[in-house]
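Data first, discussion second: the structure below is written as structure tokens.
The values are calculated or read from the model by the stated rules, or taken from the named source; none is laboratory data. Since the structure is predicted, the reported quantities are computational estimates derived from the model, not experimental observations. Glycine also receives a Cβ, built like all others from the backbone with ideal geometry; neighbour counts cover every protein chain displayed.
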Amino acid sequence: MRKEAHLLSDEAMQRFIRNGYITVKPEFPAAFHQRIYQKTEEMFEKVGNPSNNLLPRIPELRKVFGHPMVRGALTSILGEDYYLHPHRHCHENPPDSGEQGMHKDSLHNSRFAVDEHHRHHRTRWAMAFYYPQDTPLELGPTGIWPSSQYFNTQPPFGKDKELPLDGEAGTVVIVHYDVFHRKMLNTSDKVRYMVKFLFTRMSEPQYPSWNHQDVTWETTDDLQELTWKNLWNWYLGENGKDQNGNGTRSLSELTEKLSDESEAIGVNAAYELGHIGGQASSVIMDSLKGEDEVACRNAGYAFNSMGRSAVPYLTEVLRDKDEKVRARAADALGDLGFDAQEAAADLIEILNDESKDVRNHVTEALGTITQATDIGVVPLAERLTDDDDLIRRNAALSLARIGKNASAALPALSEALYDANHFVRAFSLQALERIGTEEATEVSVDYLRSTRWCTSH
């Protein structure tokens, strides 16, 4: 059992799974945070918000997100080889500038993510918020709804459920990418800054990446309990562990609940159907192929909780005449990760599907299920020239996730470094780094030598 300094404990991981956030306070002198605040203030005065070009202007931020306490928390949540996503942003909250409504970045700013459709429950994305100044409530911190991260629609929470992420200078809060959050009202006479970085999981979990001490899941009577426990098992590398559970509700009752107007009830029914296993597969598939968008979405979660036993049912409909069904099946297989390895060849067969939506999900799926092999490398490399920039991004990120097994994609990745889309360029560079051969390193260094150094010309 691993036990390393700065990694999260079992209790902390269970809190993160439930609540969708965790706070850490890296140890830096006060002057360090003051210097970052001053640089941020000067930056906004001179050039405004540089968006993703934040790090070159304030390189000290690397020390914040590279601090052992922050790295330990991110490693625990996203695995040992997590990736600093190219999306970085500094949020300015001037006095009396108004407050935001609750929202998810993953739904409203899908250009920063990979999946522009419904979100998966498994934690492959996380954000880190950093305050360079003391941020009490009156300064307008970020507010979140804890436990909202697994809702695709806005949950029935009120302001009484809102948690202000206030804290001293240097506070870092790591949140699930899908948690509902907002800018709160700044009633002070000072500007509040918050730096937000996005991070990405690169490898599917096969064992605990935190200080796991054989602690079991602490069961509660919350309606999201099955979702949480399913995620705990996934984090442990034990997806599908609770299949064939002892549910008390009939298949017909659970199927009806899949489309319930309460998302929590619908998702709960999905995981319960998944725990029943094979005998529930036909009704789950009927929902996946149906017209009810809510039931379709929840059917994906049901197959997810079935684990490896769901694969034959999903591969069977990859050639369905309805492109929506093909896309849903590919999406569900991708979310299964390693459990769906036997579906790789079937997915590759439809990688050139006429439907952009299908290609999108297949391209993403190959990055989670083929990490231990090179079977998807050449087909993914071909998708680096797709007309759709989201598919090209998916292809580059999937090749980065495959890493050392993706050396056959080196020529295509070398060309993709000059793609018009900056996310494609960033993911391609990460893929080359993870391939790690001498040739890949030479290509990366040559690109960095010739890249644009002066942003003003």
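Which residue, of S76, S97, S51, is under 30 Å from N152 (Cα atoms) and either crowded, with 18+ Cβ neighbours inside 10 Å or not assigned by TED's automatic domain parsing to the domain that holds L139 (or both)?
Numbers: S97 fails: either crowded, with 18+ Cβ neighbours inside 10 Å or not assigned by TED's automatic domain parsing to the domain that holds L139 (or both); S51 fails: either crowded, with 18+ Cβ neighbours inside 10 Å or not assigned by TED's automatic domain parsing to the domain that holds L139 (or both).
The match here is S76.
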A5 is checked against (1) among the small types (G, A, S); (2) in the same structural domain as P132 (by TED's automatic domain parsing); (3) modelled with pLDDT under 95 and fails just one. What number does that condition carry? (2)
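Looking at segment 314-332, can you tell me whether even one residue there is more than 29 Å from T373 (Cα to Cα), among the acidic types (D, E), part of a helix (DSSP H, G or I) and in contact (Cβ under 8 Å) with a residue 24 or more places away in the chain?
Filtering segment 314-332 down to residues more than 29 Å from T373 (Cα to Cα) leaves 321-322.
Keeping just the survivors that are among the acidic types (D, E) gives 322.
Among the residues that remain, those that are also part of a helix (DSSP H, G or I) are: none.
No.
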Can you find a residue that is assigned to a helix (DSSP H, G or I) and over 24 Å from the mean Cα position of the chain (by Cα) anywhere in segment 70-84? no
Test L78 against the criterion of being modelled with pLDDT of 95 or more, touching a Lys or Arg at 6+ places or on another chain (Cβ under 6 Å) and not small (G, A, S), and give yes or no. yes
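In segment 165-208, which residues are within 30 Å of T370 (Cα to Cα) and assigned to a loop (DSSP other than H, G, I, E, B)?
Within segment 165-208, Y177, D178, V179, R201, M202, S203, E204, P205, Q206, Y207, P208 qualify.
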Restricting to segment 430-443, name every residue that is touching a Leu at 6+ places or on another chain (Cβ under 7 Å) and surrounded by 21 or more Cβ atoms within 10 Å (Cβ to Cβ). A431, L432, I435, A440
Working only within segment 197-214, note down all residues that are more than 19 Å from the chain's Cα centre (by Cα) and surrounded by 14 or more Cβ atoms within 10 Å (Cβ to Cβ). N211, H212
Regarding D286, is this residue out of contact with any Asp or Glu (no Cβ under 6 Å at 6 or more places or on another chain), closer than 16 Å to R328 by Cα and either of a type in the set (D, E, K, R) or outside the structural domain of F151 (by TED's automatic domain parsing) (or both)? yes
Subset of segment 393-411, residues surrounded by 22 or more Cβ atoms within 10 Å (Cβ to Cβ) and either touching a Lys or Arg at 6+ places or on another chain (Cβ under 9 Å) or of a type in the set (K, R) (or both), comes to R393, N394, A395, A396, S398, L399, A400, R401, I402, A406
Selection within segment 358-392 - acidic (D, E) and either in the same structural domain as L314 (by TED's automatic domain parsing) or crowded, with 23+ Cβ neighbours inside 10 Å (or both): E364
So in segment 419-457, with the set limited to residues that are in contact (Cβ under 8 Å) with a residue 12 or more places away in the chain and not in a helix (DSSP H, G or I), which one is farthest from the chain's Cα centre (by Cα)? T455
